[in-house]
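Q: One structure, pasted below without further comment.
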Amino acid sequence: MTVDPVLLIVIPLVAAFLVPMVSLFSRKIASFIPLLALLAMGGLAGHLLLSTGDTAVTSTTGGFDPPWGISLVVTPLGALVSAMMIFVGIFVSLPSTAKVGKGYELWYNVFVMMTVTGGVGMVITGDLFNLFVFLEITAIGATVLAVLPRDGETKGLNWRGAASYAIISSVASFLILAAIALLYGATSTLNMAQMAQRAGDIPSFVAGTAFLLMFVGFGIEAEIFPLNGWAPDVYRGSRWGTASIFSGVVGKAGLIALLRIAFIILGPAIGGTFPADLLMWAGLATFIVGEAAAFTSKDLYRMLGFSSIGAYGLILAAFASGSEMAIQAGVLLMLGHMLAKPILFSMIDRAGAGKRGDVTLSDLEGLGRRSTMSGVLFVGAALAMLGMPPSPTFWGKVMLFSSAGTEGQWALAVIVAFGTLLEAGYMGRLIWKVMSPAKEERKVELPVLRLLPGLVALGLIMLIGIQPALLNDVLDRAAEEFMDRLNYIDWGGF
Amino acid sequence: MEVTELVVYGSILLLAAVGIWGILSRRNLIKLILSLTILETAVNLLLVSVGYISGRSAPIVNGDTGLDGSPIGEIVDPLPQALVLTAIVIGLATTAIALIVAVGYYRSTGTLELKSWSYGLTNEKEVRK
């Protein structure tokens, strides 16, 4: 029996209502609610991932058949990405669950849960207006997370970064809403599968306008160059969990939504290779700009933030370059990034603990000597980001290169190689500092609640790196989803 | 194109242009949020105009007919009206969050003008308080 995917939305919403009420009696008990909800969601998403098989798990809310009710369409890719987002959520809220009642920890956990819910909703929904609603949930949650200060202190709130994000993400959602209105006007449906089926009815200028609006809107959320001016402000002043959520949940959800709309719904209505070309070149530009900016950054949060922007660009370029192998590479790159980035942010937070202001390269000095496990986690995650085997990123990059070779996309191969060199430059510096002897003997604390998720993430990276065949089914289905629109239409019940 | 349509689509374009111009040209948080709500109004107007069909009756069913005895097939599309309600409520929430951030920014910096990012900007005032 398959569980109803709507529980992925219902559980956290109920939990979010419970928290303020329970916190009147006991903040301690209340602070466990978001974590428990995330764990339940994780179990559900894992179950869905195993039960999607050849098709998608669908759910129609209220028993109204599509297109009348809102339907959820959990494709195998959707289930995988949801599970990863929930994992990132658990990763970042575990350590603060131990510090209950202090500063903003409770609200931090609640908003981590809500942002993850929004992201999961964006990935599993089969309804365009519902997508907009989840986008807003994500944006509101992420704005609050962006404000919250490092280490749950009450000082040093990042109002500046949050202001940038609040304004720009609202603009993004209004543009997306305008595009949804245009598409509804042309197809008289909001169900994504049915809209894809009726794509032929959309006049090409409406499709083109809607695509550009969606590109700008979701491009802002997915930190695509040149729409990512807000991102450095957010990354620089945020706590490590917020940075991980922005790089692992908010943008990833936007990216998948953009890809579905571009390739499944609007592709044939616009015709030609324009959408794919625009997305691929935007992706490559983002990759190079992000990696170059990371290379020159002093503050480590900013550096890793730019590195996330680069990763988004690479993933977008892989999906947009169009071959089956490249799409599978995109999924692997996404997976590798979502597993490795939270470890890096978490370890940078350890290295700069108790420090006000920028965390720089010198704070990392001797991290590996001061705390062996921190060093192991950091170096492991940094190598995995770079694409050293065994890691999903390694297979992703190998497949991307071989796809570029067979398709004759030499520009893609050259740009990816150059970007990887830049990446190796700054990651190498970080690793070097971590391994070098410590000048000061300041101890680095690594509580078990922080060590544990890091080890699990590193273990998953190595497992997928050694046994990529485990994911073969999901990767095949992901490629089918984007290569042949009829699959999604069929999965959605049309 | 009828005069009504011209007025509606003209207002949508005008409002959207004003909103986007405001967002691009202002650095004051309150003015930015005002521009956002103007842009939002344009989008809501677009959403509701999508479902409007000139000359048809309100989407209220009275037995077997529309409200004023017109055939049931001659009512306007009710869905965009439901959507626009949802969109307005969501817009209220995002505006509230943006205003909260504006208040926080003002308290920590003493200004509503967005300046380039720095730690000093955010921390000093709070410490002094």
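Q: Scan segment A:473-494 residue by residue and report those that are touching a strand residue (DSSP E or B) at 6+ places or on another chain (Cβ under 8 Å) and either aliphatic (A, V, I, L, M) or in a helix (DSSP H, G or I) (or both).
A: Correct list: A:Tyr488, A:Trp491.
Q: Determine whether A:Met84 is open to solvent by 10 Å² or more (accessible area, probe 1.4 Å), in contact with a helix residue (DSSP H, G or I) (Cβ under 8 Å, 6 or more places away or on another chain) and closer than 24 Å to A:Leu458 by Cβ.
A: yes
Q: Continuing with the same structure: Checking B:Asn123 against (1) within 11 Å of chain A (Cβ to nearest Cβ); (2) at pLDDT 85 or above, only one condition comes out false. Which one?
A: Answer for B:Asn123: the failing condition is (2).
Q: Under the condition of being open to solvent by 70 Å² or more (accessible area, probe 1.4 Å) and within 23 Å of B:Val3 (Cβ to Cβ), which residue from segment B:69-89 is modelled with the lowest pLDDT?
A: That would be B:Glu74.
Q: Among (1) in contact (Cβ under 8 Å) with a residue 40 or more places away in the chain; (2) over 22 Å from A:Phe401 (Cα atoms), where does A:Lys355 come up short?
A: Exception for A:Lys355: condition (1).
Q: Among the residues of segment A:77-86, are any of a type in the set (S, T, N, Q) and outside any loop (DSSP other than H, G, I, E, B)?
A: yes
Q: Can you tell me which residue in segment A:158-198 is surrounded by the fewest Cβ atoms within 10 Å (Cβ to Cβ), limited to those that are under 26 Å from A:Thr60 (Cα atoms) and at the interface with another protein chain (Cβ under 7 Å from one of its Cβ atoms)?
A: A:Gly185
Q: Still on this structure, I have one more. Within segment A:277-320, can you find the residues that are out of contact with any Phe, Trp or Tyr (no Cβ under 6 Å at 6 or more places or on another chain), open to solvent by less than 20 Å² (accessible area, probe 1.4 Å) and aromatic (Phe, Trp, Tyr)?
A: Of everything in segment A:277-320, those that are out of contact with any Phe, Trp or Tyr (no Cβ under 6 Å at 6 or more places or on another chain), open to solvent by less than 20 Å² (accessible area, probe 1.4 Å) and aromatic (Phe, Trp, Tyr) turn out to be A:Phe287, A:Tyr312, A:Phe319.
Q: Going by the conditions given, is A:Ile124 at pLDDT below 95, open to solvent by less than 10 Å² (accessible area, probe 1.4 Å), in contact with a strand residue (DSSP E or B) (Cβ under 7 Å, 6 or more places away or on another chain) and on the phi < 0 side of the Ramachandran plot?
A: Taking the combined requirement at face value, the residue satisfies it.
Q: Next question. Taking segment A:412-441 only, how many residues are surrounded by 14 or more Cβ atoms within 10 Å (Cβ to Cβ) and either over 30 Å from A:Thr286 (Cα atoms) or of a type in the set (A, V, I, L, M, F, W, C) (or both)?
A: Matching residues across segment A:412-441 total 14.
Q: Suppose the filter is within 10 Å of chain A (Cβ to nearest Cβ), assigned to a helix (DSSP H, G or I) and closer than 30 Å to A:Arg150 by Cβ; does B:Val48 pass it?
A: No, not satisfied.
Q: Can I ask one more? Restricting the search to segment A:304-324, which residues are in a helix (DSSP H, G or I) and either of a type in the set (Gly, Ala, Ser) or at pLDDT below 90 (or both)?
A: A:Gly305, A:Ser307, A:Ser308, A:Gly310, A:Ala311, A:Gly313, A:Ala317, A:Ala318, A:Ala320, A:Glu324
Q: Quick check, is A:Val74 open to solvent by less than 10 Å² (accessible area, probe 1.4 Å) and closer than 29 Å to A:Met347 by Cα?
A: In short, no.
Q: A further question on this structure: Enumerate the pairs (first residue in segment A:364-378 and in contact (Cβ under 8 Å) with a residue 24 or more places away in the chain; second residue anywhere and charged (D, E, K, R) and part of a helix (DSSP H, G or I)) with beta-carbon separation below 7 Å, excluding pairs fewer than 6 apart on the same chain, so at least 6 apart or on different chains.
A: Close Cβ pairs (under 7 Å, with a partner that is charged (D, E, K, R) and part of a helix (DSSP H, G or I)) amount to A:Leu364/A:Lys433; A:Glu365/A:Lys433; A:Ser374/A:Arg350.
Q: If I filter segment B:1-40 down to residues being acidic (Asp, Glu) and not in a loop (DSSP other than H, G, I, E, B), which single residue comes out as nearest to A:Leu213 (Cα to Cα)?
A: The extreme case among them is B:Glu40.
Q: Okay, next question. Which residue out of A:Ser323, A:Ser238 is more than 14 Å from the chain's Cα centre (by Cα), touching a residue at least 60 places away in the same chain (Cβ under 8 Å) and open to solvent by 10 Å² or more (accessible area, probe 1.4 Å)?
A: A:Ser323
Q: Name the pairs whose Cβ atoms lie under 8 Å apart, with the first residue in segment A:171-182 and assigned to a helix (DSSP H, G or I), the second open to solvent by 10 Å² or more (accessible area, probe 1.4 Å) and among the polar types (S, T, N, Q), and 6 or more positions between them or separate chains?
A: A:Ser173/B:Thr94; A:Ala179/A:Thr209; A:Leu182/A:Thr209
Q: Only one residue in A:Phe211, A:Phe215 is more than 14 Å from chain B (Cβ to nearest Cβ) and open to solvent by 10 Å² or more (accessible area, probe 1.4 Å). Which one?
A: Numbers: A:Phe211 fails: open to solvent by 10 Å² or more (accessible area, probe 1.4 Å).
Within the list A:Phe211, A:Phe215, the selection yields A:Phe215.
Q: Another question, if that's okay. Name the single residue that is farthest from A:Leu182 (Cα to Cα) among those in segment B:16-27 being surrounded by 15 or more Cβ atoms within 10 Å (Cβ to Cβ) and either within 11 Å of another protein chain (Cβ to nearest Cβ) or more than 14 Å from the chain's Cα centre (by Cα) (or both). Write out each step before concluding.
A: First pass over segment B:16-27, keeping only residues surrounded by 15 or more Cβ atoms within 10 Å (Cβ to Cβ): B:16, B:18-20, B:22-23, B:26.
From the residues that got through so far, the ones that are either within 11 Å of another protein chain (Cβ to nearest Cβ) or more than 14 Å from the chain's Cα centre (by Cα) (or both) too are B:16, B:19-20, B:22-23, B:26.
On the way: B:Ala16: 15, B:Gly19: 19, B:Ile20: 18, B:Gly22: 23, B:Ile23: 22, B:Arg26: 28 Å.
Taking the candidates together, the pick is B:Arg26.
Q: Looking only at segment B:90-101, which residues are facing chain A (nearest Cβ under 7 Å) and open to solvent by less than 20 Å² (accessible area, probe 1.4 Å)? Let's see the steps before the verdict.
A: To start, the set of residues in segment B:90-101 that are facing chain A (nearest Cβ under 7 Å) comprises B:90, B:93-94, B:97-98, B:101.
Residues satisfying the conditions are B:Thr94, B:Ala98, B:Val101.
The values are calculated or read from the model by the stated rules, or taken from the named source; none is laboratory data. None of these values were measured; they are calculated from a predicted model. Every residue, glycine as well, gets a Cβ built from its backbone with ideal geometry; the counts of neighbours run over all protein chains shown. The protein model used for the area step is the full one, side chains on, heavy atoms only, and it has no ligands, DNA or RNA in it. Shrake-Rupley method; radii C 1.70, N 1.55, O 1.52, S 1.80 Å.
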